[in-house]
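The values are calculated or read from the model by the stated rules, or taken from the named source; none is laboratory data. From a predicted model like this one, the values you see are computed outputs, not experimental measurements. Note that each Cβ is placed from the backbone with ideal geometry, even for glycine, and that neighbours are counted across all protein chains shown. Ligands, DNA and RNA are stripped out before the accessible areas are found, and what is left, the full protein with its side chains, is counted by its heavy atoms. Shrake-Rupley method; radii C 1.70, N 1.55, O 1.52, S 1.80 Å.
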Amino acid sequence: MSVRELRDVLRERAEGPSPANPHRHDQVRARIRRTRLRRRASAGAVTLAAVAVAAYLVPGQAGLVVPGETPPAASRQELPERFTSPDGTEYRRVGLVTLTGTEASIDVPVSGKPLEVATPCDGDRNRMPVVHVDSRRVHVPRYGCGDGLPYLLPVDVPQGSTRARLTFDRSEEGCVIPVEDGPCVPEQPDTAVRDIGVYEWTPPAMTIEPARIGALPGQLDGRRLADSASGRWPGASSVTLTGSGAGPVSVSLLCSGDLAQRMWFKFWINGKEGRTTVGCPWAEGSSPSAGLELDAPEGERVTVTVQTGMWGEYTNRPVRWSAGLYVR
């Protein structure tokens, strides 16, 4: 994938107004599906975050079996009963349901520990169904798979609940754009037999410190690093970056920690709220090859305020992050 294509993917995934909880964007469904064609055409495009979480679910030596087009029950990819994430957090499966039609429901016990759901990927249908908790819609379809492995999605339940009914619905279908700037054509429905696991995780007794993040590159995609800032979540919720240059600027993000892919960032340019809320596309150990481009007045000093947050629970599992402003 070229830098230009990567930036297009980042921009298309980012555009749209940000509600109080960015994880509930109804607009996300259409935007992500518009990028599906590009992702298929460029193997491994911007899936670092999904792969990082997916790696949690490899159950020891047995591994995971990638299913075929119409897998029999015996050969379907298995979701383990228990597993341990790379930072040592223990996960336990509290429910398992098989989705054979457009909808399936399951009642699960709620202990007060964080809940997450996972479903295997089949290499083609790479999204979680719409998730409802006690009839309240909490999630819309999104990408969350990499290399045929499942992705863990945090799910909120009402405080004080002892049981919750989770409903998974894949009846809503969107459209894809086969050619750039072409019409949006209906998407083929997901008819695969799909297992969905519900997991709870036990917050670590002590804080697990994420790895420190190295310096951002001095040059990126023809732009120079004008300013940078680093932080730790939970912590300061915003930072300000400044610089001067010719035309649009770009912001690059680096994160570390097991929950790094759940960080979200929103931007204000010279005090004007942008239409951009993005996750952290680059994990520590990788090298940014492109930034998120933001419109800015040419030749004037630009101030970019970066607001930070996280989707889902994060007790004792902090994340470190760095943000860099690049200008021409």
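Laid out as a table, the results:
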item	result
Test: residue in region 286-302 that is surrounded by 22 or more Cβ atoms within 10 Å (Cβ to Cβ), farther than 25 Å from Arg224 by Cβ and β-branched (Val, Ile, Thr)	no
Residue that is most open to solvent (accessible area, probe 1.4 Å), among those in region 191-213 that are more than 21 Å from the chain's Cα centre (by Cα) and farther than 30 Å from Ala229 by Cα	Thr191
Where a residue in region 305-317 is within 25 Å of Ala205 (Cβ to Cβ) and its partner, wherever it lies, is open to solvent by 40 Å² or more (accessible area, probe 1.4 Å) and among the hydrophobic types (A, V, I, L, M, F, W, C), with Cβ under 8 Å and at least six apart	Asn316/Ala205; Asn316/Met206; Asn316/Ile208; Arg317/Ile208
Extreme residue, surrounded by the fewest Cβ atoms within 10 Å (Cβ to Cβ), among residues of region 159-190 that are among the charged types (D, E, K, R) and in a loop (DSSP other than H, G, I, E, B)	Asp181
Residue check for Thr119: of a type in the set (S, T, N, Q) and at pLDDT 90 or above	no
Candidates Leu241, Leu216, Leu220 - the one that is within 12 Å of Val306 (Cβ to Cβ), open to solvent by less than 40 Å² (accessible area, probe 1.4 Å) and touching a strand residue (DSSP E or B) at 6+ places or on another chain (Cβ under 7 Å)	Leu241
Verdict on Asn316 being at pLDDT 80 or above, closer than 21 Å to Leu153 by Cα and either surrounded by fewer than 18 Cβ atoms within 10 Å (Cβ to Cβ) or among the hydroxyl-bearing types (Ser, Thr, Tyr) (or both)	yes
Counted residues, region 223-238 - those being within 30 Å of Arg92 (Cβ to Cβ) and open to solvent by 40 Å² or more (accessible area, probe 1.4 Å)	3
Subset of region 281-310 (residues that are closer than 18 Å to Asp87 by Cα and modelled with pLDDT of 85 or more)	Met310
Conditions (1) assigned to a loop (DSSP other than H, G, I, E, B); (2) farther than 15 Å from Pro288 by Cβ: number failed by Gly243	(1)
Given (1) assigned to a strand (DSSP E or B); (2) open to solvent by 50 Å² or more (accessible area, probe 1.4 Å), index of the condition Gly309 fails	(2)
Residue match in region 134-150 (condition: farther than 25 Å from Gln261 by Cβ and either part of a strand (DSSP E or B) or at pLDDT 85 or above (or both))	yes
Residue in region 267-280 that is more than 27 Å from Trp201 (Cα to Cα), open to solvent by 10 Å² or more (accessible area, probe 1.4 Å), assigned to a loop (DSSP other than H, G, I, E, B) and in contact with a Gly (Cβ under 7 Å, 6 or more places away or on another chain) present	no
